[in-house]
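What follows is a single structure, written as structure tokens, with notes after it.
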Amino acid sequence: MIETHLPALIALTFVLFSILIPAFGLWRRELSQPLAVIGSGLAGGLSIYGFIEYLNHGAIRYSFGGWEPPVGIEFVYDGLSGFFVMVINVVAFFSIWHSGGIAKREFPGKEMPYYALAMLMLLGFNGIVMTGDLFNLFVFLEISSLAGYALIAIGDRPAPYAAFRYLIIGTAGGTLYLLGAGLLYTVTGTLNIIDMTPMLPHFAESTAVVAGLILMIVGIGVKAALFPMHGWLPDSYTYASSSSTTLIAPIGTKVAAYVLFRIIFYLFGVDLVDATAPFTYLVGVLACIGIIYGSIMAIAQSELKRMLAYSSISQIGYIIMGLSLANPWGFAGALLHVLNHAVMKACLFMVAGNLRAKEGHSDISLFDDSYRKKYPWTMTAFSIAAISMIGLPPLAGFFSKWYLVLGTIDNSNWIFLAVIVISSLLNAVYFFRVYEKMYMMDPYKGQKEPKDGEYNDVKGSMLWPTSILAVSLIVIGFANAVIVGVLLDIFPM
Amino acid sequence: MDLSLVPLFAILISLIAVVPIMLSSEKPNLREFWTILAALIKFGLVLTLLPGALEGKSVELHIVDLAPGLPLALKADPMGVFFAVIASGLWIFTSFYSIGYVRGAGEMKQTRYFASFAVCLSATIGIAFSANLLTFILFYEMLTLATYPLVIHNEKQEAIEGGRKYLAFTLTAGLLLVAASALVYSYTGTLDFTPGGLFTEVDLPQHVMLIIFVLFLAAVGVKAGIMPIHGWLPAAMVAPTPVSALLHAVAVVKSGVFAVIRVVGYVFGVDVMAGYGLGEILIVFAGFTIIVASLLAFAQDNLKRRLAYSTVGHLSYIVLGVAMLTPLGMTGGIMHIAAHATMKITLFFCAGAIYVNLHRTEISNLNGIAKVMPWTMGAFTIGSLGLAGIPPINGFFSKWYLAMGSLEGDMLVPIFILVLSGLLNAGYFFPILHRAYFKKGEGLEGYGEASPLMVVPIMITATLSVLFGLFPNLFFGFFDLAVDISTSLFNSGAP
Amino acid sequence: MLEFFIGHYAYWLVIILLCVGIYGILFKKNLIKKTIGLAVLQISVVIYWVAIASKEGATVTTLDPNIPVDQVANYLNPLTHTLMLTAIVVGVATLGVAFTLLMAIYNRYETLDEQELLDKIQ
């Protein structure tokens, strides 16, 4: 019974809690965060269960209200969407769990609207991933974006301006996507992805199809912060409240990446995408430029959150690069990196949040070596996540890079291979810069004695999620053979 | 007796020791007790593998799949056991010596120091027992990370810059190793170390082989100190002396040359190396390094830096022996791992004792110190004579085999290089001895020998150098082991 | 040639509006004008979707008692119309959020000129 309704149940959980939170929140404000934790935890549990169900029984196509497609709207819960839903909801659960302490400090009294919006945004993300309909996808895209703009606007003084810029460019992207979907609809007469797929090859040379493809890639590329459409991201992630960043940064761009996977691998198929011009390769080149650009810009930043934001631009590039390789290794590497990067980035932004909660800033140039005494666990979590970001075994980050490297070799794509190697080194530069500040004296400032400090780490509700994510990086690292085995089975070609 | 878990425990023991070391950071004596205990247990565990290795047997353990078809697997084959015995044996002496050194020099953050040291040893034994390239990469990177806190230990500007340089070189090397391994995996479908190599089934074009080889050479060459990518080694000499001693004479750099042997003998295979003419490339690099490093050693006034350049040169002896692709040369190269380890660790220990006792680091300040530190300088004399290749110290023994190897391969250039560098070695060590014994020192009144915790390990390693020179098979059967390894590498390829 | 333009006038309108909208977003310095550009961009896409619903001689998509429902050819395509109702709602919501943000920006910085804003944020 529950299995057949799973896709709807996951989405409805968020609908339910986005109503429950205002209802209870008006009565008792402090109930909002626990409710949100329960809601996202429930959805996380359901999506893990759902993915296991998928592995045992195969994909689920769920038609709402019993209306069969193409008349009705359906949710498609296959390997790709099941995997993304699982990553999104589980990571979101940890982010929301962690956000309680930050919410009290950074926007006291606004917990109720904040968590209601968070639920709406997660509803949007889940909808984007599960829907089988191109227009429905647009609607969920806008739901998640609108909630996301509001979440980003909560934060430092310039946050509304950052959110506004994101709104303008993000909505423009969404609109271009809608135009692209319209062009495809004009040609095929359907909006259902599975229905449309067999029709598209007949119109492979049609200008409308090619233009539709380009518009969709550009529109979604904005949301995915694909170079050169990344301009909104650094400011948004820096100025938004730490809790918003921790929630949005790990999963927001991944969802857009999911749409690119869905369009390129499933809706069109790689052969059709490349029929008129080598679009997948071009997307890969953009991703490579983004990887290098993001890494270099990250080195130049002195604010931890801004550095992590630029690093996100670079990391999303890995995922898109794996997509553009269009072979099993690249696909598995990209999807594994979706998981890895979501966990690593969530963990790192939590560390930034913990530091802001204790020190009131996250400016790297002000870090000193008393942190290792004051926040030993937070710093350990940072070390693990950062080493994983650099890509050293046996942590999770190494393995996604390993599979991407295998993918580039399969395609004899030496430029991409070089990009992976170079960017890993750049990663090492910007993370070891932070290590030097946190663990060592600063001889450049004339420090002669190591600084001492009392243990003052954040409290459990913030420390546990940070630590669990850090530990899970090690677990994922050792378990990645299993995960990749599943991912290779999902590969559609 | 089932030995299959022994390699795993041998690796883990010092990793586990990190926990009690960290917990007893307020009680130095207890903390050092854990270090010593772990060192002894580790050495004992490694020794239990020795009889099997002498019979040519390997102990294998498959732990978990790291990637589809690529397990995290350990294999204690003769080559691995050989290296593990040296590394874990010398760790015991270094531990005692370290205690004397850090207390004598009043170093800060001693807990971090001992903890990192323990992790380094785990990584080194892991490198020795890795059964495939992926496992090898794992421990190789672990070694890099664990050494970093030791290199920057005193956190002065010079140390931090040395640490940056160290990371820049070693992390790049690690990534190149990943790229090279991925290429090997794509072409051969396996990464398991196999005597005779992985390329026996596939026939790749010359340029592809060359690219893979150059990637490997750059990757392992960094830790093996092959010029021109040796730059981190002198820079990393800012570390405390026991670190330089164990890590930059035994663990890190020897992991590099060990990796060279693994790559040449177990990934490419000697026949493939010879077939594609890759050995000559290696000879050119190694020969160049030996000569240039010896010349650069002359120019250093800092004792540790001179030793560092001497290390760079001697590592390439080993590489040279391997690169000749002859059984005797290979034997000599492998023997020189052990020989150089005991001799160079003695020299570094001496340098550290001099620093702690007299606070002198420059060679020009060493006039007359043999009078106040006779035991230390006696050991120093043995070490430097050995490195110059004078019998009966074990440096002579391995050099002899290197020379035999090049005769066996009808090569005259390596012999020439060996003779020349022997002279150069003598040239840069003897002035130190001359100063210490025959020049009149100043300001030495009131100083005596260093603490026994330092002098006893020095004497033991120096004695070992002599004993292994006289009886190469003493205790551990190193010579038989080296011969077995080299035989297995040369007989496996031919059916 | 002229027929090509006249025959596709609806699409030309879409293209012109699209360009106007993108121009507004990219090059206008006043944030209100940017928002107007965004609205124009959205409207252009809505017009496109409505335009593709058109049929020769068909009527609007409200039920006319004189025309039976099963004579599909006599009605415009209703699907795109309903979809665009949703899209317009989304657009209105977006503009609402945009103006809320603009209020917040103005309250904090007392300007809506992009250059001045950037100067003040620095």
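Tabulated values for the structure
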| item | result |
| --- | --- |
| Computed Rg/Rh of the range A:105-192, alpha carbon atoms with Kirkwood Rh | 1.09 |
| Loop-resident sites, the range A:413-493, for chymotrypsin sites (Phe, Trp or Tyr not before Pro), counting at most 11 other Cβ within 10 Å (DSSP) | A:455 |
| Simple Cβ-charge dipole of the range B:6-492, Lys/Arg +1 and Asp/Glu -1, about Cα centre, in debye nearest 20 | 1340 |
| Cβ-based exposure ranking for A:347, C:19, in which fewest neighbours within 10 Å come first | C:19, A:347 |
| Dipole moment magnitude, nearest 20 debye, the protein assembly as shown about Cα centre, only Lys, Arg, Asp, Glu C-beta charged | 3140 |
| Peptides A:270-278, B:260-268, A:225-233 ordered by average Cβ neighbours within 10 Å, highest first | B:260-268, A:225-233, A:270-278 |
| Likely footprinting exposure, B:120, B:350, fewest C-beta neighbours within 10 Å first | B:120, B:350 |
| Those lysines that a straight Cα-Cα span of less than 19 Å connects to residue A:401, excepting residues fewer than 8 apart in one chain | A:254, A:345 |
| Once the Cα gyration tensor of chain B is diagonalised, semi-axes √(5λ) in Å | 34, 26, 20 |
| Sorted by Cβ neighbour density within 10 Å, fewest at the top, the residues A:106, C:114, A:454 | A:454, C:114, A:106 |
| Angstrom value of the Kirkwood radius, inverse mean 1/r, which spans all Cα pairs in the protein assembly as shown | 31.9 |
| Rel. contact order, % - alpha carbon contacts under 8 angstrom, at least six apart, chain A | 14 |
| Loop GluC sites (Glu not before Pro), the range B:6-103 (other Cβ atoms within 10 Å of the site Cβ: 15 or fewer; DSSP) | B:26, B:55 |
| Full-stretch length increase - residue C:69, residue C:120 - with 0.36 nm per residue and alpha-carbon distance subtracted | 12.3 nm |
| Listed residues A:353, A:397, A:432: farthest to the positive end of the dipole of the range A:280-493 (Cβ charges) | A:353 |
| Whole-Å distance, taken between Cα centres, linking the range C:32-50 and the range A:222-294 | 24 |
| Length-normalised contact order for the range A:100-150 - Cα pairs under 8 Å, 6+ apart - percent | 38 |
| Amide hydrogen neighbours beyond the local backbone of residue A:131, cut-off 5 Å, H modeled | A:76 |
| Dipole axis of the range C:6-121 (+1 Lys, Arg; -1 Asp, Glu on Cβ), positive-most option in C:87, C:19, C:111 | C:111 |
| Total formal charge among the other residues, if their Cβ is under 14 angstrom from that of residue A:251, Lys/Arg +1 and Asp/Glu -1 | +3 |
| Under the Karplus curve 6.51 cos²θ - 1.76 cosθ + 1.60, θ = phi - 60°, whole-Hz ³J(HN,Hα) for the range B:310-316, x wherever Gly or Pro sits | 4, 4, 3, x, 6, 4, 6 |
| Among A:100, A:138, A:151 the positive-end extreme of the charge dipole of the range A:92-162 (Cβ point charges) | A:100 |
| Inter-probe distance in nm under a simple model that places probes 7 Å from Cα toward Cβ, at residue B:194 and residue A:296 | 4.4 |
| The range A:433-468: trypsin sites (Lys or Arg not before Pro) in DSSP coil with no more than 14 other Cβ atoms inside 10 Å | A:448, A:451, A:459 |
| Per-residue average of Cβ from other chains inside 10 Å of A:431-443 | 4 |
| Chain B: relative contact order in percent, alpha carbon pairs under 8 Å with at least 6 residues between | 15 |
| Within-11-Å neighbourhood charge of residue A:165 [Cβ basis; K, R +1; D, E -1] | -1 |
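Any read-out appearing in this document is the output of simple, stated calculations on the displayed coordinates, not a laboratory observation. These numbers come from a predicted model, not from an experiment. A quick note on method: Cβ atoms are made from the backbone with ideal geometry, for glycine too, and the neighbour counts reach across all protein chains shown.
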